[in-house]
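A.B. asks: Submitted below is the structure of interest, expressed as structure tokens.
The values are calculated or read from the model by the stated rules, or taken from the named source; none is laboratory data. No experiment lies behind these values; they were computed from the predicted model shown. For neighbour counting, all protein chains shown are included, and Cβ atoms are generated from backbone atoms with ideal geometry for every residue, glycine included.
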Amino acid sequence: MQTEFIVRLLDADRQVLAWTRIPAETRGDGKLWAMQAFVAAVTKSGQAVAMNYHWPDVHCYTTVPLSAPVMVQAGSVVTVPLADLIHIPSEPLPLPPVTVTSSVHTVVPTGTFQSCGN
């Protein structure tokens, strides 16, 4: 699954210094992963201290501090590498099973054998 995030670079007063849209994908591990680095035009000079990740599809957002402050100048372009955007933890209890009440059709694909030349 792919989705889109709005990522904001913030100063200590939560003022937006730069922002951009970032595509993200799921990998089946409870995380949404950025598909590119944060690259954005700086609209306000200042010292960036955090990134704000907003998932508009579900209006979920979180702010994560940067490992070190970054000085940015208006009119320049800033690049910040991103790993995962959001981690959605599962509870430790097992997921309760559901009963499928409609018919399930399973198809086994057919294939051909191809020799490797041995």
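A.B. asks: Which one is farthest from Val78 (Cα to Cα), of the residues in the range 1-33 that are under 15 Å from the mean Cα position of the chain (by Cα) and of a type in the set (Lys, Arg)?
C.D. replies: Per the criteria, the residue is Arg27.
A.B. asks: Out of the range 61-94, which residues are within 12 Å of the chain's Cα centre (by Cα) and part of a strand (DSSP E or B)?
C.D. replies: Within the range 61-94, Tyr61, Thr62, Asp84, Leu85, Ile86, His87 meet the criteria.
A.B. asks: If you don't mind, another one. Going through the range 22-39 one residue at a time, which ones are in a strand (DSSP E or B) and modelled with pLDDT under 95?
C.D. replies: Ile22, Pro23, Ala24, Glu25, Thr26, Lys31, Leu32, Trp33, Ala34, Phe38
A.B. asks: For the range 67-94, name all the residues that are in contact with a strand residue (DSSP E or B) (Cβ under 9 Å, 6 or more places away or on another chain) and polar (S, T, N, Q).
C.D. replies: Within the range 67-94, Gln73, Ser76, Thr79 qualify.
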